[in-house]
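Structure first, then comments.
What follows draws every value from the coordinates through simple rules; no lab data is involved. All values derive from a computational prediction rather than experimental measurement. Note that each Cβ is placed from the backbone with ideal geometry, even for glycine, and that neighbours are counted across all protein chains shown.
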Amino acid sequence: MPSLQICDLPAAVYNHLLRRAQLHRRSLAQQAIVDLTSVAQADRVECRRAALAHWRARLDRPSVVLEQSPEDMIRAVRDR
């Protein structure tokens, strides 16, 4: 399993992480994993939201403007 070592962690960040670990009865490493996982999932959710917004915007605007309705085009082909 991969591991991560963080050097020169600011004391305030370390103390905050330690308090959160104690509050949730986790080790410091377990709390770091939980926090990093939640950040990674939040990024993924935001990426998905942005992609959905992009595709919704593209679907809302027509890419081709038809001179006739599809029904009228089918009738014209039938009448030939």
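Only one of the listed residues (ARG49, ARG78) is surrounded by 10 or more Cβ atoms within 10 Å (Cβ to Cβ), assigned to a helix (DSSP H, G or I) and on the phi < 0 side of the Ramachandran plot. That residue is ARG49. Here VAL65 passes the criteria (1) among the hydrophobic types (A, V, I, L, M, F, W, C); (2) over 20 Å from the mean Cα position of the chain (by Cα); (3) under 30 Å from ARG20 (Cβ atoms) except the one numbered (3). You will find that of GLU46, GLU71, the residue that is of a type in the set (D, E, K, R) and within 25 Å of the chain's Cα centre (by Cα) is GLU46 and no other.
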